[in-house]
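The structure appears below as structure tokens.
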Amino acid sequence: MRIADFWEIFKMLFKRFRRKKIQKSKPYLVILDPGHGGGKTGAISRDGAVKEKDVVLNIAQMIVERAESLGDLPFEIHLTRQTDVHVSLSARCGYANKTFVHYNFGKETGTVRAYRKAVFVSIHCNARHPTGKHGLEIETFFHSLSMNSIALAGTMLNSLIDYARMFVLPVFNRGAKVGKTWSSRLQRMVYYYVIKHTVMPSAILELGFLTDDEEAKLLNSHPAQIIFARAIIDGLKNYFEAKEKI
């Protein structure tokens, strides 16, 4: 067989492979980050029975399962952790950024158009000293220099609040806020690590306070976790649909 014949066969196979790859890929990518894990338990209920790392991992896994059952969602979901293991903040961001670059077939990231193709959503539960407030309190955080992050955090918050109204507990909307905290080392306010070091629009979701007995009981229940999973999926759908209209 001539070299020219080999070349023609190669081109034909390459076109078939490339067409198949494009048909399988979805237009959007979601990096879902279940907070903490392993020895980093996160918030813990007052009786020590409910741990943040377990609640958020359960919800993340339910999101993946529901997305697979629906089948027609416009986004593909990747988890920063799938089991009870500790993953450093830098590793979470590194995984998200590398997955995003790979997902876009090596295309250069850094334009608004490229950023719309992926989001990073970190799922958490809150902790605090008792305040006496009765009800489920939900809030989200964003990077104030990214309009897409602001839109993402707001959209996710609205979806979470809408779904949370199914619960028996009253729901308190604590709002979408700038994701900053005080650094004692730098002696100034700094952005939360995962929303500062990811190249795509990002948001942190706080689903309630595990240090409140009633909220902890609710967050640890299977029905409530299913509702939160559905709320997050709908929030993601709403965000991407809004971006399609721009």
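Simple rule: put +1 on each Lys or Arg Cβ and -1 on each Asp or Glu Cβ in region 27-244, find the dipole, and look at Leu169, Ile123, Ser45; the Cα lying farthest toward the positive end is Ile123. The value of relative contact order for region 117-246, using C-alpha pairs under 8 Å at least six residues apart, is 38 percent.
Below 8 Å between Cα atoms, with a sequence gap of 6+, how large is the relative contact order for region 27-244 in percent? Walk me through the numbers before you get to the answer.
Details: 412 pairs, mean separation 62.8, N = 218.
That works out to 29 percent.
A simple rule links phi to the HN-Hα coupling: the Karplus curve 6.51 cos²θ - 1.76 cosθ + 1.60 with θ = phi - 60°, which for region 203-215 gives 8, 10, 9, 10, 8, x, 9, 5, 7, 9, 4, 5, 5 Hz, with x for Gly and Pro. Let a ≥ b ≥ c be the square roots of the eigenvalues of the Cα gyration tensor of region 27-244; is it rounded (a/c under 1.5), or, if not, prolate (a/b larger than b/c) or oblate? Note, shape of region 27-244 comes out prolate.
Would you mind classifying region 157-246 by shape? Square roots of the alpha carbon gyration tensor eigenvalues, ordered a ≥ b ≥ c; an a/c under 1.5 is rounded, otherwise it is prolate if a/b is larger than b/c and oblate if not. Oblate is the answer for region 157-246, as a/c is 1.5 or above yet b/c matches or exceeds a/b. Protection proxy ranking of 118-124, 143-149, by the mean of other Cβ atoms within 10 Å over each peptide's residues and highest first, is 118-124, 143-149.
Of the listed pairs Lys53/Lys245; Lys40/Lys245; Lys53/Lys117, which have alpha-carbon separations greater than 30 Å here?
On the way: Lys53/Lys245 36 Å; Lys40/Lys245 40 Å; Lys53/Lys117 28 Å.
Correct reply: Lys53/Lys245; Lys40/Lys245.
Since every read-out is calculated from the coordinates, none of them should be taken as a lab result. Everything numeric in this text was worked out from a predicted model, so none of it was measured. Virtual Cβ from ideal backbone geometry, glycine too; neighbours counted across all protein chains shown.
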